[in-house]
Amino acid sequence: MQNYPKLLICLFLTFSFPMSNFAQSGRIPVRAENGMVVSSHYLASKVGEEILSKGGNAIDAGVATAFTLAVTLPSAGNIGGGGFLVYHGANGDKTAFNFREKAPLKASVDMFLDEDGQIKDNSNHEGLLSVGVPGTVAGLYKAHQKMGNLPWEELLEPAINLAENGFESTYNMNWFLKWVKEHHDDELYAATAKAFLKNGEEIYKPGETWKQPDLAKSLKRIQQNGADGFYKGKTAKLIADFMKEHGGLITEKDLANYEAEELAPVTGTYRGYEVVAMPPPSSGGVALIEMLNILEVFDLEEAGANSAKSYHLLTEAMRRAYADRALYLGDPNFNPKMPLEKLTSKEYAKKLQEGIQIDRASKSDSANFNKAHLRYESPQTTHISVVDKEGNAVSLTYTLERSYGSKIVVPGAGFLLNNEMGDFNPIPGHTDTKGLIGTKPNLVAPGKRMLSSMTPTIIAKEGKPVLAIGSPGGRTIINTVLQVVVNMIDHKMNIAKAIESPRIHHQWLPDRTRFEDFGISPDTKKLYEQMGHEVYEAGSQGQAMGIYIDWENDLLYGAADSRSYDGKAEGF
Ligand code: DON
């Protein structure tokens, strides 16, 4: 009898909430039966879920979520940037969309250099030269034209509402608002101050309503005219006029010429699963498959999750794949002879495996790179995973490059421009102590796309998607996705645990491994170092967003990385 009230509470909790109210809590995934969206902003995930519940498919929901993030997550969500979308249908159809930014037609191989051949004023990362021709709107439009179900106009409506009527600002934006306030007198950032500060001057406090009227108008033009509503007419003119006035390169012709591409995904296998990922100009898919091929001969399950031995083997795979990434990969339209088949083959992996000792670190060949340091990699890209009622999966990662991109808002248009040109190798043939790479495949050329590490990925089994996964984090992205996949397949973790688990990152050069701070025991670190690895600790790595499909029980399990401020999995 004493337990009677407890029993009642239990019964109440069990039967009074529909499935969608089982919120994610740490290592427990969200469950849903009919569809799910996971993104870095709770409002965007909700919008995506509502699109699914109205009968939209995974592409519709991905598109609507992406437009909403352009409003609610301006650090990374965008219409002024670019990205990739990988699709795997429940029927086995696979495709990918490439909407990576392009260098403007006036770009040149040494455009960032001064007379001494050094990078001038950080111009590859800051100011108008750092801006690539945006691809997001063209990519989302193309994917929708080909595969969407609901009318285009409907997919833009929630984003327009949120831009027009506002939503609660969160603490996530605080550091940026302070930066904007400090720079609001600078002509280049005047429209940024207008868009982001209250009356152009004051910092919004968390919880205050933030509205973006100019962005709402830009979105309406896209709603009414599709991709032309961005690449032609008023928005294109606003961009081109601003560029001309302030020494930028992008013209109306650059915008009118921009086209997104549909590509065949790059594929591989891992322990009976199929890996479906983004081909170049992303380096993500090729490097991920190369690493998985290398790891396949080792018994990671037996080595144990997060053990020194597992980390050693992961590191050796990372070292080799990142070397190949730097040597071979770039925009395929400018590098027609990239050895993609070789890099993703089991035979090649076999050769690489031979050089790996089970208990001893190998050395990255650092002849020209011996003093290189890691470049800072902020987590400011963003990933969306979607699964619809049929079990079709979308994995979409897009970015402005650094947090808030170039930090430049187009006056009158209300959106931020990317600083993606910084992803090109800036100094031809030159690699220096700061970790710059100067290899040929990724040098600047007019109309070329810069190499990316974004790794939107879908894992499939017997022709059906079982996992949609991706993350931000610059060059760390590929390793973040790798570790989530290994955690699920080798270590049998559920999606939430696989995402929460601590991460490491090695990128060939400099030859040292980043450990997430507070995530990995000092004992493990010591054992790992004893094998000859150098370790340094840094903050959170990535913000993975994933959905696992349990076909046997018709259930979806999703998780938003707790490393993200405002991320959420929404399902129904
Ligand atoms: O495309 C890329 O690989 C990068 N521009 C992604 C940037 C990112 O994830 C944020 N931080 N570095």
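A short reminder: the numbers here are calculations on the coordinates, not readings from a lab. Just so it is clear, the structure is predicted and the values come from calculations on it, not from any experiment. Backbone-built Cβ (ideal geometry, glycine too); neighbour counts: all protein chains shown.
Restricting region 432-527 to chymotrypsin sites (Phe, Trp or Tyr not before Pro) that sit in a DSSP loop and have at most 15 other Cβ atoms within 10 Å of their own Cβ leaves PHE518. Taking each pair of distinct Cα atoms in region 220-304 once, what is the resulting Kirkwood hydrodynamic radius in Å? Evaluated on region 220-304, it is 16.6 Å.
What whole number of Å gives the distance from the Cα centroid of region 292-355 to the Cα centroid of region 385-463? First find each Cα centre; the distance between them is then 21 Å.
Each Lys and Arg adds +1 at its Cβ and each Asp and Glu adds -1 at its Cβ; summed about the Cα centre, region 438-572 shows a dipole of about 600 debye.
Per residue, the convex hull spanned by the alpha carbons of region 224-263 comes to 62 Å³. The Kirkwood hydrodynamic radius of region 466-572, based on inverse pair distances between different Cα atoms, is 14.8 Å. Of the GluC sites (Glu not before Pro) found in region 150-214, those that fall in a DSSP loop while having at most 13 other beta-carbon atoms within 10 Å are GLU201, GLU208. Charges were assigned to the Cβ only: +1 to each Lys and Arg, -1 to each Asp and Glu. The resulting dipole of region 200-330 about its Cα centre is roughly 500 debye.
Charge tally for PHE572 (other residues, Cβ to Cβ under 10 Å; Lys, Arg +1; Asp, Glu -1): -3.
Pair-distance distribution P(r) for the chain, from all Cα-Cα distances in 10 Å bins starting at 0: 4, 19, 29, 27, 15, 5, 1, 0, 0 percent.
Remark: the chain carries a charge dipole of roughly 200 debye about the Cα centre, counting +1 on each Lys and Arg Cβ and -1 on each Asp and Glu Cβ. Rounded if a/c is under 1.5, else prolate if a/b beats b/c, else oblate: with a ≥ b ≥ c from the C-alpha gyration tensor eigenvalues square-rooted, which is region 118-187? Since a/c reaches 1.5 but b/c is at least a/b, the shape of region 118-187 is classed as oblate. Shown for region 219-341: lysine pairs separated by 8 or more places, or found on different chains, whose C-alpha atoms are under 18 Å apart, numbering 9. When each of the peptides 230-239, 394-403 is scored by the mean number of other C-beta atoms lying within 10 Å of its residues, the order from highest to lowest reads 394-403, 230-239.
Sorted ascending by nearby beta carbons within 10 Å, beginning with the fewest, MET36, MET173, MET531, MET454 become MET531, MET173, MET454, MET36. For chymotrypsin sites (Phe, Trp or Tyr not before Pro), the sites in region 21-90 that DSSP calls loop and that have at most 15 other Cβ atoms within 10 Å are PHE22.
Among rounded, prolate and oblate, which fits region 30-187 when a ≥ b ≥ c are the square roots of the eigenvalues of its C-alpha gyration tensor, a/c under 1.5 means rounded, and a/b larger than b/c means prolate? Oblate.
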